[in-house]
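Please treat every number below as a calculation from the coordinates, not as lab data. Predicted model only: the values in this text are computed from it and were never measured. Positions of Cβ are generated from backbone atoms using ideal geometry, with glycine treated the same way; all protein chains shown enter the neighbour counts.
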Amino acid sequence: EFLERMRPYAEAAGRELGVSPRTLLAHAALETGWGRSMPDEPGGRQSFNLFGIKAGGRWVGDPVQSLTTEFEGGTPRVSTERFRAYGSAEESFSDYVGLLSGNRRYAPALGAGDDAAAFGVALQRAGYATDPRYGEKLAAVAASVSATLDSFKSGKSLPIPPSNATG
């Protein structure tokens, strides 16, 4: 269901970034645990932040504060951070495209096509993610996304995605 809802936005973003929509769906699935966990405020206001994009000093929209896991020297630590909040999934994808295409540090990730591992490694090297295994994790989720979408197309039963995709 998550993949089908996000597919149109991933297709549009993929055309702009030169990255497979399946890889972008995998990125959203990795960052949100297949749509089950987005940075939200305790009061329940949904952020629609599908990519774990933080609200830095230049962010002019609404932020939400949420717990996150960051890696320092390879060691995970939990902290509270400010994240960007959007009004919809479409706005999240649009901002994501703007962030990646508007910042030259992400240039090595653009045009990655179907190579989810290369896309993830390029994002990690550019500072998007602190997890040293980010590229590997993104590739694993992309393989699951592909298997799910291919099964759906062929009419087979859908495989159940891992419960802890961000592992």
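For the chain, a simple Cβ point-charge model (Lys and Arg +1, Asp and Glu -1, everything else neutral) yields a dipole of about 180 debye relative to the Cα centre.
Relative to the compact-globule estimate of 2.2 N^0.38 Å, the Cα radius of gyration of region 78-150 comes out at 1.20.
Shown here are the Rg and Dmax of the Cα trace of region 39-112, at 13.4, 39 Å. Helices in the chain, meaning DSSP H runs of at least 4 residues, each add -39500 (n - 2.57). Divided by all residues, the mean residue ellipticity at 222 nm is -14000 deg cm²/dmol.
What is region 94-136 by shape, rounded, prolate or oblate, if you read a ≥ b ≥ c off the alpha carbon gyration tensor as root eigenvalues and call it rounded for a/c under 1.5, prolate for a/b larger than b/c, and oblate otherwise? Don't skip to the end; give the middle numbers.
Working: a/c = 1.92, a/b = 1.34, b/c = 1.44.
It comes out oblate by the Cα gyration axes.
Summary of the geometry: region 33-80 and region 110-151, compared by the centres of their Cα atoms, lie 19 Å apart.
Over region 1-154, the alpha carbon radius of gyration divided by the compact-protein estimate 2.2 N^0.38 Å works out to 0.99.
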